[in-house]
Structure formats: structure tokens, C-alpha cells
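One structure below.
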Amino acid sequence: MRDEREMEGVPRVASFRTVAEFKAHLATLPVRLDCDDDLLPPHQNPLAQPIAVHGRTIGNRFATHPMEGWDGTLEGKPTDLVLRRWTHFGISGAKLIWGGEAVAVRHEGRANPHQLCCTPANAEALSALLRTLKAAHRKRFGTTDDLFVGLQLTHSGRWSRPDPDGAAKPRIAFRHPVTDARVGALDPSAMLTDAELAGLIPDYVAAAKFAAEDGYDFVDVKCCHGYLLNELLAAHTRPGPYGGPFENRTRLFREIVAAIRRDVPDLHIGVRLSAFDLVPFRHPQEGEGTRGVPIDVRPHLPWRYGFGVNPDDPTQSDLTESIRFLELCRDLGIRLLNISAACPYYNPHLMRPAMFPPSDGYPPPEDPLVGVARILAAAATLKRAVPDLLVVGSGYTYLQEYLPHVAQAQVRLRHSDFVGVGRMLLSYPELPHHVLTGQPLNRKRLCRTFSDCTTGPRNGMVSGCYPLDPFYKARPEAQAVHEIRRKTGR
Ligand SMILES: Cc1cc2nc3c(=O)[nH]c(=O)nc-3n(C[C@H](O)[C@H](O)[C@H](O)COP(=O)(O)O)c2cc1C
Ligand code: SF4
């Protein structure tokens, strides 16, 4: 039966009966997405091939993407729900664990009152994360020797909501013509001073020290999704040492990397990057049709408020500086880059293509497969431009039944080195293992991109796969999320 929230004229991925039908649909779209006809047996499958990095071997080409659950304690310690998620990362079969989830380097920089926070007081509790993940992996697969695990470090900047009241407490790097009002960043005290920015470096170093002592292989100095280090890459209009030219906009990032290298020399560094951004999107108004629309930015042209975006036509990306940033990473000795895009608060369709928007979102502006193709094409362009780097691609979950076919093609064609998986692991944690061992997929557990895992936290509840994971289905929040969807029609 058709769900009334589905997009007119856009077939569900589940409606294709064969790869051929799926590919026939892809051929009607204005984008290219490579997809293999057949899955190769495990011993020939490029997804099962190990790869070397920093003198270590990573056992296969699946990566788990970081995914927080808005379910830590108010102090920023893990709960049983957090440990369950990390256990699932461990049993996924993926050998690159990218970050686990965003962990704030200080209280002020937490994106929500339940985000994990890497302070000395939390160190002992946080050490359960890696221990739990590794134990689960070892129990299922016999060894962790070829597992490579990172911890994602963040400051949420503009999108900070650190305190129990859940109120926005934005810390911004520049004035933004649209999102300042949205987060209430109108008071001058919201602007981070140069000294405050420099003052964050010891926090990153302290968190990196914790990660090294705890046994992580790397930290992700997170530069994506509109959070602080990503915002700084776009700080064209900021005066002073952290704004303006590329050298200044990358200054804090470089200073953090240098400080970690100096004080924690044995720890590797990776970066998750929003390689491009576009303008914010919104719900259509009367007479504007049924799809999400970009806001009118003509009064604000040239658009100087994003990274990897064409300033004269900010509905289009421009990867020139993204390539430059990857070259910078390479020159800093960084080898692992995870390519994401945009910002989940104002244009989520770009970074996590979905058929159904979250409750604070807008209907998809395009066939979500176009979004998948766009983000994978960005990863391929960057990999081609800086081939020495090992690139993790993002945005695969919407592919559903055909995730393995597209994933195999991307790695076989060297469009990326790793296939990163996000939401699919919430509904179906063992998908990578099933693909790698040639088992049929469990279609009942395939994420259908209902976005409940975002609608929940947007309404003050923990995140989880309420529609498909029996554990979350049985929780009281499942009914509340269902009600919200019914009321908002989203
Ligand atoms: C519930 C949820 C939490 C997320 N948390 C994080 C996070 O902590 N750090 C991050 O870099 N990305 C986060 N993401 C983005 C995912 O890592 C991933 O990029 C996105 O879901 C697209 O991949 P997918 O299509 O496989 O889901 C989150 C996404 C979801 C749905
Ligand atoms: S709630 Fe479950 S099915 Fe929906 S998007 Fe999240 S993981 Fe996928």
C-alpha cells in the first residue's frame, strides 16, 4: 500500500524486483551511479579485500559511520543504549570503525544534553565503549588484529545545545544570514573570539590523549555537518586570523592537528569532511508543489556562508577548495578521509538521502537516488584528485537491496576505498557481514529511510530504529514517534 508521504512519481527501491529493473530506473535519472549486475563471491569480492594504512592492515572495505543516539547521561557518559549500539558496530563485520559517534571535547560544544563528552571525569565510563565494541567483534570474528577504530571528536559550534534544558546555546564563527535567526545566535556573545577558538586546542589534545591511552587507533578531527570546524572552513566573512583566505579558515584545524601530533605522536588522525554544502531548504508553501525547495538567497549573493559551494549559484557545489583541503590533509600526514556533505539541520537530503523526511525536515526535493549519486560522485572526484588518501564514501543506506551492488562497483572502480554505512546499521547491524560472506539479505531489516531515528531526537527522545528493530519497537517512544509522524504528516 502506498504511504501518503511518499513522493509522487518516485518508485520505492523495494519495488524493483531485480538489479536490472533498478538499473533501468537509474538510467532515467539525470545522474550516473555505477552499480554491478552480480555480486562476486567472497574470495573475489573487492569489498572483502584488506588494505594497508599506517603500517596496519584493515580487514575489509566496510566502515561503520559515526551515529550518536542522544542517549548518554547528562554528564556525557555512555548508557546501556550507547553500549548496545557500539556492540552492534562490533558485530557488523566492518573492519573500519569510523568514530563510533560524535563525542564533544567540552561541555559547551555538545550538540544535545545527552551527547557523550570527553572530560577527565568521564574517562573511566567512556572506556567501556571500545572495550565493549572490541569484545563483541572478537567474540563474533575471532580477532581484532585487522580492526581499525577511531573516536570522533567534535565541538558543535552553531548547533550546540549542551544543557539539560535543551536550549540552543550557539557558539558561532561568523554571522549567517539564515541560520543565526534559527538558532538564536543574535547576541554578540555567541561569536567565538580568536582567543576562545585557540583555547579549544588543549581540549582536542586532551581527548586525543584519552583516545590513545584507551587503545583507539585514530581520532577523527570532525570537519563536517556544519559543526564548528566545518563552519570555520566557510568563515570567508570572519575578520582576523581564523577567517578570510583558505590559510586562515584552515588555521584552527591545522593547529589542532599539530598539537595532537606533538603531544600524542603515536595516534593517527582521520577527518570526516562535509565536502560540499548548498543553501538551506524548506517546506514548500501553497502553490509551490509538494517537494522541498531551496530558500531564496538572491539577497545574499555572492553566497559566502558555505564550504564547497559555488558562491554565485549556491544551489551548486564547487569542489575546488575541497580538493585543496584534501591536499592539505595529505601534506599533514593524514591518510583517512571520510567524505560526507552539507548539514543535517537545513539540507539533510544531501547527506542522508531518504524517502521520508524527519519531523523538522521537508519533503525530498528529488529522487533520493540523485542525492546518493551526488555524494558518491563527490567522493570519487576527491579520490581521483588525491589518490594517496584512503577515502570512505557516505550515503549508501538509501540503496537498500542494491547497496551491495553499488558498494562493490564503487570499490572495484576505485571511486572510494571504503563503503561507509550509517542508518542501515541501526536497522540491520549485520548487513556488512552478510554481504561479505555471500549470504542473502534479510529484507525485513533493510532500512527504508523512515527517518524515525532523527524524528525521535528532534522531539527530545532517544534515537533508534523504531520501525524495524524489535528492541526499539517495544519502547514507549515508538508510539510517541508514530504519533508525531501522524500529526505532522512527515
Ligand atoms: C541518528 C543519526 C545519528 C548520526 N550521528 C552522527 C554523528 O555522530 N557523527 C557524524 O559524523 N554523522 C552522524 N550521522 C550521519 C551518518 O554518519 C551518515 O553520514 C548518514 O546517516 C548517511 O549515511 P547512511 O545513508 O548510510 O545513513 C548520524 C546520522 C543519523 C541518522
Ligand atoms: S528509523 Fe530505522 S528504518 Fe527509519 S531511517 Fe532510521 S534506521 Fe532507517
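The values are calculated or read from the model by the stated rules, or taken from the named source; none is laboratory data. No experiment lies behind these values; they were computed from the predicted model shown. Quick reminder, even Gly has a Cβ in these numbers, built from the backbone with ideal geometry, and neighbours come from all protein chains shown. We work out accessible area using only protein heavy atoms, side chains counted, and drop any ligands, DNA or RNA first. Shrake-Rupley method; radii C 1.70, N 1.55, O 1.52, S 1.80 Å.
Checking each residue in the stretch 259-291 for being more than 21 Å from the chain's Cα centre (by Cα), touching a residue at least 60 places away in the same chain (Cβ under 8 Å) and open to solvent by less than 60 Å² (accessible area, probe 1.4 Å) picks out only 284. Of the set (1) closer than 26 Å to residue 413 by Cα; (2) open to solvent by 40 Å² or more (accessible area, probe 1.4 Å); (3) of a type in the set (D, E, K, R), all apply to residue 36 but (2). The number of residues in the stretch 353-372 being of a type in the set (A, V, I, L, M, F, W, C), within 13 Å of ligand 1 (Cβ to nearest atom) and within 18 Å of residue 32 (Cα to Cα) comes to 2.
Does residue 460 meet the test of being over 22 Å from residue 70 (Cβ atoms), open to solvent by 10 Å² or more (accessible area, probe 1.4 Å) and either touching a residue at least 40 places away in the same chain (Cβ under 8 Å) or touching a helix residue (DSSP H, G or I) at 6+ places or on another chain (Cβ under 7 Å) (or both)?
Numbers: over 22 Å from residue 70 (Cβ atoms): no; open to solvent by 10 Å² or more (accessible area, probe 1.4 Å): yes; either touching a residue at least 40 places away in the same chain (Cβ under 8 Å) or touching a helix residue (DSSP H, G or I) at 6+ places or on another chain (Cβ under 7 Å) (or both): yes.
So residue 460 fails the test.
Inspect all residues belonging to the stretch 268-275 and state whether any of them is modelled with pLDDT of 95 or more, farther than 26 Å from residue 356 by Cβ and either out of contact with any helix residue (DSSP H, G or I) (no Cβ under 7 Å at 6 or more places or on another chain) or within 16 Å of ligand 2 (Cβ to nearest atom) (or both).
yes
Checking the structure you have, find out if any residue of the stretch 63-83 is surrounded by 17 or more Cβ atoms within 10 Å (Cβ to Cβ) and on the phi > 0 side of the Ramachandran plot. Yes: one or more hits. Among the residues of the stretch 137-158 satisfying the criterion of being of a type outside the set (Val, Ile, Thr) and assigned to a strand (DSSP E or B), which is surrounded by the most Cβ atoms within 10 Å (Cβ to Cβ)? Result: 151. Please work out which one of (1) open to solvent by less than 10 Å² (accessible area, probe 1.4 Å); (2) in contact (Cβ under 8 Å) with a residue 40 or more places away in the chain; (3) within 15 Å of ligand 2 (Cβ to nearest atom) is the condition residue 338 fails and give its number. For residue 338, the failing item is (3). For the stretch 429-443, the condition holds for at least one residue, the condition being that it is at pLDDT 95 or above, buried (at least 21 other Cβ atoms within 10 Å of the Cβ), under 17 Å from the mean Cα position of the chain (by Cα) and more than 10 Å from ligand 1 (Cβ to nearest atom).
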